[in-house]
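Right, one structure below, let's go through it.
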Amino acid sequence: MKRPGAMRNRHLFWGLPAVVLLAGLLGACTTAGGGAVGVQSQDGLDAKQRAQAERLYGQLQREASLHRDRKTLELAGNLLDYYPAFERNDEALSLAVEAADRLGDRPRARAFGDELLATRPTSPLVDKTLLRLSDLSLADADTFAAVTYLIRYHNRDPRRSTLGDGHPRSAPLIQRLSPEELEILARQEQERPLWSYLKFIQIRQYMDAGRFPEAEVAAAEVRAAGLQDQFAVSALDLVSGKGPADGNLPHRPTFGRVNMEQVGVLCPLTGRYAMLGNAFYDGALLAVEAANKELGRQFTPLVEDSGGDPVLAALASRRLASEDGCGALFGAMMSNPTAAVALVADIYGVPLVSPTATNDRIWELGDSVFQTNQTGVHEVRLLAQLATTVMLKHRFAILHENTPGGQRHAQVFKAEVEKFGGEVVSIETYNLADTDFRKAILAMKEERPEVIFTPATVDQMILLAPQLDFYKAGALVMGLSHWNSERLFDRTGAVLERAIFPNDLALFPTLWTGDFNAGWDGKKYPGEAKNLAFKSYQSMRLLLDTMHQSGATNRAQLQDALSRRLANRDILTKGPDSFASTVRVFRGDRAQPFPAGIFSEAWALTDGAKPDSLQVQEGELESSLESSLEGKDPLVPAAAAGNTREKPGTRGR
């Protein structure tokens, strides 16, 4: 199989000592006396060839461990070209996949991965490679290829890839595919474990889109197969009108076709909270008008009065989801009614966007529930990318509360840091009632991290920040957007100087704020209603923009698109300037925008902080950051003055 850039650049191999290579190749053909060919091993290599291949592989391992990725690819290509039968070539291909990915060359990474699957089907690295190729395909927005790899992974051991309810772990991605793509996969997977699930999803999508004749044809194929598993039965029940919507959960059928242009809005239009509820709805209505104008769509809000009551909210949401066939639900302003709506949304499989409910666990009620005012995972990924790709940090420590939420933030941050070449050298925890953090701080300090990430609350930081300063943790501190608090500023003073946290509106384009201010009638409502309306406006714009950008044709596709967007899976960082409006830095008693300008030239010179590029010396960047925060003119980055040095495979270490 041809490797992109490998066969074409075979001459690069002569970077090795040519004489040694020639002697090795000639020696492989004759004995010392010029007689018979040397004894060959099972892989077709004689002793000298094997020794040369081992040396080349050793060089490859060394370069890969240092993240010298271009050299890694050169050596991998040479090893694969000249010693194609070498028994460790599956490892060489795996290292090449990682190197190409770090360089941002995903097509080449995928080509190396495909070669491993084709040439080494029994390798223990096949499972890892299938999952890696799926991730690479998703990064290229190639969902069909990603699902294909995940199905191959599933077929190798269905038990590990099946959830307790019988659904495959790849279900969210499978549900993003079109009926036509599902048909292609179903043909490939006949008599394999996932065939009935693929047909079930295909039939459900036909039904949601009103393509009933095509659903009947697909159902006939299921009947002919004679299968009796849960998805085959559910697929036939869908066509008969008596089946669940998800093959397992007790979903009620939607009466009629789902209209993805309709959004059901729930809020208290009467009763004690009527004034706030009407402001909430007006904010959402303003967002619909702005989105329709910008996107050229005809989104329609259908409003129901929740009265601030959980029972009324549940009944109203059931009407919107079932009788009206809304593509999404929006609301219901307060936590208790929103929790009731979330349960209904989960039953019907309809996405719910909650912009204002303060209970931060509502999202746990179902995979289709999204709280846009609880954006922790989005912010965690944003900080990890900033620290690794712009500030060029390499060593990280994490200090988090020993709760499911704290563990979730820590896991996401660690995964994102490692994805961009960083290293988490210490993870420490604390309990909710703790006031003394000395042991955790000293344990982190021992590992000499450059950054400490702590998703602590404001109350916890009031206690933690002075101790980080007292015990001289000596690292840049990062946290979440709730640090944008006057109370935290007042209580901690200068001890959090230079700490970094996201803007609490990082999820939303700044242009939307101006659009809201231009369209909002401040005379109609008192001041306290404006903030509520603003949150409603921002979240509705995000929902409609996601519906438009994703091209979702059913609820499952919209759910997946919202999940990716709110988890920041699709973020594409374009350098320091992309963080200027989304990240804040403590300076004295207030927060200021992240000083992106001082990193811009360094970013350009380092080609986006890719390995094997010139790296600006970290001390220069630190001094520039300090000067900027002190109000001085920032220094010209060292790279611009010629004070650069090559640090292959590191990110500011």
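The criterion of at least 1 residues that are under 16 Å from T492 (Cα atoms) and outside the structural domain of A99 (by TED's automatic domain parsing) is met, among strands (runs of 3 or more DSSP E) falling completely within the stretch 392-481, by 476-478.
Mind checking which residues of the stretch 413-445 are within 21 Å of L392 (Cα to Cα) and in contact (Cβ under 8 Å) with a residue 40 or more places away in the chain?
F413, F420, G421, G422, M444
A384 passes every criterion in (1) surrounded by fewer than 19 Cβ atoms within 10 Å (Cβ to Cβ); (2) in contact (Cβ under 8 Å) with a residue 24 or more places away in the chain apart from (1).
Residues being within 27 Å of the chain's Cα centre (by Cα) and free of Cβ contacts under 8 Å to residues at least 24 places away in the same chain are entirely absent from the stretch 324-343. Residues of the stretch 343-374 that are closer than 25 Å to D208 by Cβ and of a type in the set (D, E): D346, D367. Residues in the stretch 529-542 that are more than 28 Å from the chain's Cα centre (by Cα) and touching a residue at least 40 places away in the same chain (Cβ under 8 Å): A529, K530, L532, A533.
Just need a number here: residues in the stretch 389-419 that are β-branched (V, I, T), at pLDDT below 90 and closer than 27 Å to D459 by Cα.
Counting residues in the stretch 389-419 that are β-branched (V, I, T), at pLDDT below 90 and closer than 27 Å to D459 by Cα gives 2.
In the stretch 512-529, which residues are surrounded by fewer than 18 Cβ atoms within 10 Å (Cβ to Cβ) and not in a loop (DSSP other than H, G, I, E, B)? Answer for the stretch 512-529, where residues must be surrounded by fewer than 18 Cβ atoms within 10 Å (Cβ to Cβ) and not in a loop (DSSP other than H, G, I, E, B): T513, G514, N517, A518, G519, G527, E528.
Only one entry in V380, V353, V369 is in contact with a strand residue (DSSP E or B) (Cβ under 9 Å, 6 or more places away or on another chain), over 30 Å from V585 (Cα atoms) and aliphatic (A, V, I, L, M), namely V369.
With respect to the conditions (1) free of Cβ contacts under 8 Å to residues at least 40 places away in the same chain; (2) in contact with a Leu (Cβ under 7 Å, 6 or more places away or on another chain), F112 falls short on a single one, namely (1).
Yes/no per residue for (1) surrounded by fewer than 19 Cβ atoms within 10 Å (Cβ to Cβ); (2) of a type outside the set (D, E); (3) outside any helix (DSSP H, G or I):
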{"residue": "Q52", "(1), (2), (3)": "no, yes, no"}
{"residue": "E63", "(1), (2), (3)": "no, no, no"}
{"residue": "D81", "(1), (2), (3)": "yes, no, no"}
{"residue": "E87", "(1), (2), (3)": "yes, no, yes"}
{"residue": "V97", "(1), (2), (3)": "no, yes, no"}
{"residue": "D101", "(1), (2), (3)": "no, no, no"}
{"residue": "R108", "(1), (2), (3)": "no, yes, no"}
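Tell me, which residue of the stretch 152-170 that is touching a strand residue (DSSP E or B) at 6+ places or on another chain (Cβ under 8 Å) and surrounded by 15 or more Cβ atoms within 10 Å (Cβ to Cβ) is nearest to L198 (Cα to Cα)? Taking the candidates together, the pick is P168.
Per-residue answers, yes or no, for (1) in contact with a helix residue (DSSP H, G or I) (Cβ under 7 Å, 6 or more places away or on another chain); (2) in contact (Cβ under 8 Å) with a residue 24 or more places away in the chain:
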| position | (1), (2) |
| --- | --- |
| L125 | yes, yes |
| D140 | yes, yes |
| T162 | no, no |
| G166 | yes, yes |
| L182 | yes, no |
| E189 | yes, yes |
| P193 | yes, yes |
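The values are calculated or read from the model by the stated rules, or taken from the named source; none is laboratory data. Keep in mind that what you see is a predicted model, and the values were worked out from it rather than measured. A quick note on method: Cβ atoms are made from the backbone with ideal geometry, for glycine too, and the neighbour counts reach across all protein chains shown.
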